[in-house]
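Scroll down for the structure; my scribbles are underneath it.
The values are calculated or read from the model by the stated rules, or taken from the named source; none is laboratory data. What you see is a predicted model, and the numbers here were worked out from it, not measured in a lab. Because the Cβ atoms are built from the backbone with ideal geometry, glycine has one as well, and the counts that use them run over all protein chains shown.
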Amino acid sequence: MFRSLRRALCAVAAALLLPLGTAGLQTADAAEAAGAGYWHTSGRQILDASGQPVRIAGINWFGFETSNHVVHGLWSRDYKSMIDQMKSLGYNTIRIPFSDDIFKAGTVPNSIDFSSGKNADLQGKDSLGVLDRLVSYAGQDGLKVILDRHRPDSGGQSALWYTAAVPESTWIANLKALATRYKGQDTVVGIDLHNEPHDPACWGCGDTATDWRLAAQRAGNAVLSVNPELLIFVEGVQTFNGVSGWWGGNLMGVAQYPVQLNVANRVVYSAHDYATSVAQQSWFSDPSFPANMPGIWDKYWGYIFKQNIAPVWVGEFGTTLQSAVDQKWLAALVSYLRPTSTYGADSFHWTFWSWNPNSGDTGGILKDDWQSVDTVKDGYLASVKAPGFPSSGDPGGTTAACTAAYTVSSDWGGGFNAEVKVTNSGSTALSSWKVTWTWPGSQKVTSMWNASYTQTGSTVTATNASHNGTVPVGGSASFGFGGAPGGGGVPAVSCTAA
């Protein structure tokens, strides 16, 4: 409630990867392998494809919902190094917020650094193309992804799931497009339908224009109609029966009005909870604080878990940790979420807000240099972290992928010759490939062999010839060209395969 628009600054955290306890699980060995495939629910637990319980213990990495149309921090680092660091700190899931702007034609990500080879395979991609690469690499690292429809557009948060500019029909069409896009890629385990519904959104009031529970059923069923394997994450509202709480954090209405979908065992309820660095609430000044907090959480959302109605995921919680009140709040909440060493996956699920240091009201796990970890903040989360999941390899198991290496064979000042070697780095044979690069200067291709090309400004796109488009797994193909003037050096190249 009264959430300010999160602003851009900088931060990160370090943590210990704790072994998953055996409480509520089958065996320690089974716990190590838990998480494979798509997931479903059973009572208050989330189970993997083989029926083993899993615990979401993750982090929010925002940016796609902003005017950058891409996760933040790529202006500073390579995306793979960020995901590797998340894994090393013991986070096993990434919640990625987005706005519907990323579906608009002509929307391109900005503020990505391609120097020194950073983010090379993102060059030339639109926002959805970048998201594809993030999902693919996260899966290879053994992390799962939850996609969060955060806002209708990059301008700001909306109380309802639709606006005049982005009607419900667009919201649902875009959710279905995402569900279709990642069908068969079990790295993406679910979709958070809309971030932080708040007044005048209601739960169970029956008004189709404002009843978030009914809207969640419409959208959830639409998603499941094209990808029935996904989990559907449904946040709360602000006010139910006159009792108000955090935006998206009030799930009191679930007891009377549960979300009912056409596919069983797919609903996970999501609460948001924050500290005083976001806004004041009456419970922070209660003389019994923080001992009063478990009762507050029970009332708003914890009862859903404790009564075995459904799993509960605290999709966002965070703080700057600058005040003693906030420190006590975070310690109490982490304890309430149930330590992994004691309860295993029979616990609340969570994704901390945020990885980014540039959240103005919470800061992040990373510090402002986008490298260093806030080890104090991260340390609070150590007891509720959980193991990662089996690597998905490439999405779908048969994804075409390639890399390209650019070599200058001769340079005489007035001109130069170069060669590009394309290597099949995926898990299926290539039928075609395309290589793109951008020179820093005024270089132009003067001739090319074993590929065709187009050049727009300083950007060149080379496509395989008819005789070298097919490349077996691990194999390679090459093409060469002449250009002028010389002195262009070796630009970063990206390769796209089919």
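In table form, for the structure just shown:
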{"read-out": "Residue in the range 254-263 that is assigned to a helix (DSSP H, G or I) and in the same structural domain as V334 (by TED's automatic domain parsing) present", "value": "yes"}
{"read-out": "Filtered residue count, the range 216-251, keeping only those that are of a type in the set (S, T, Y), outside any strand (DSSP E or B) and within 30 Å of S277 (Cα to Cα)", "value": "0"}
{"read-out": "Selection status of G204, in the same structural domain as Y79 (by TED's automatic domain parsing), over 18 Å from the mean Cα position of the chain (by Cα), at positive phi and part of a loop (DSSP other than H, G, I, E, B)", "value": "yes"}
{"read-out": "Scope the range 421-459; condition in a strand (DSSP E or B), of a type outside the set (A, V, I, L, M), closer than 22 Å to S116 by Cα and at pLDDT 90 or above; matching residues", "value": "K421, K434, K444"}
{"read-out": "Test result for A219, within 19 Å of G248 (Cβ to Cβ), of a type in the set (A, V, I, L, M) and buried (at least 20 other Cβ atoms within 10 Å of the Cβ)", "value": "yes"}
{"read-out": "Filtered residue count, the range 306-362, keeping only those that are within 14 Å of Y380 (Cα to Cα) and either of a type in the set (F, W, Y) or not assigned by TED's automatic domain parsing to the domain that holds Q280 (or both)", "value": "6"}
{"read-out": "Selection from the range 104-117 of residues that are buried (at least 16 other Cβ atoms within 10 Å of the Cβ) and touching a residue at least 60 places away in the same chain (Cβ under 8 Å)", "value": "F114"}
{"read-out": "When residues of the range 201-238 are limited to those that are touching a residue at least 24 places away in the same chain (Cβ under 8 Å) and of a type in the set (D, E), the one nearest to P167 (Cα to Cα)", "value": "E235"}
{"read-out": "Residue match in the range 358-374 (condition: modelled with pLDDT of 95 or more, part of a helix (DSSP H, G or I) and basic (K, R))", "value": "no"}
{"read-out": "Some residue of the range 197-206 being over 28 Å from Y300 (Cα atoms), buried (at least 18 other Cβ atoms within 10 Å of the Cβ) and modelled with pLDDT of 95 or more", "value": "no"}
{"read-out": "Leading residue by the ranking (modelled with the lowest pLDDT) among those in the range 168-193 that are of a type outside the set (A, V, I, L, M) and touching a Pro at 6+ places or on another chain (Cβ under 9 Å)", "value": "G184"}
{"read-out": "Single residue of the range 50-79 satisfying the filter (small (G, A, S) and touching a Phe, Trp or Tyr at 6+ places or on another chain (Cβ under 6 Å)) that is farthest from N195 (Cα to Cα)", "value": "S76"}
{"read-out": "Every residue from the range 466-498 that is over 24 Å from G415 (Cα atoms), assigned to a loop (DSSP other than H, G, I, E, B) and touching a strand residue (DSSP E or B) at 6+ places or on another chain (Cβ under 8 Å)", "value": "N468, G469, T470, P472, V473, G474, G475, A498"}
{"read-out": "Selection count where residues are over 12 Å from W329 (Cα atoms) and in a strand (DSSP E or B), scope the range 267-306", "value": "6"}
{"read-out": "Verdict on A497 being over 30 Å from S392 (Cβ atoms) and either crowded, with 19+ Cβ neighbours inside 10 Å or in the same structural domain as K125 (by TED's automatic domain parsing) (or both)", "value": "no"}
{"read-out": "Test: residue in the range 137-145 that is assigned to a strand (DSSP E or B) and either closer than 19 Å to K183 by Cα or of a type in the set (D, E, K, R) (or both)", "value": "yes"}
{"read-out": "Subset of the range 43-58 [part of a strand (DSSP E or B) and either within 15 Å of R266 (Cα to Cα) or in contact with a Ser or Thr (Cβ under 6 Å, 6 or more places away or on another chain) (or both)]", "value": "Q45, I46, L47, P53, V54, G58"}
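Here's the yes/no breakdown for (1) out of contact with any helix residue (DSSP H, G or I) (no Cβ under 7 Å at 6 or more places or on another chain); (2) touching a residue at least 12 places away in the same chain (Cβ under 8 Å):
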residue: L251; (1), (2): no, yes
residue: Q256; (1), (2): yes, yes
residue: L261; (1), (2): no, yes
residue: D273; (1), (2): no, yes
residue: G295; (1), (2): yes, no
residue: W301; (1), (2): yes, yes
residue: F317; (1), (2): no, yes
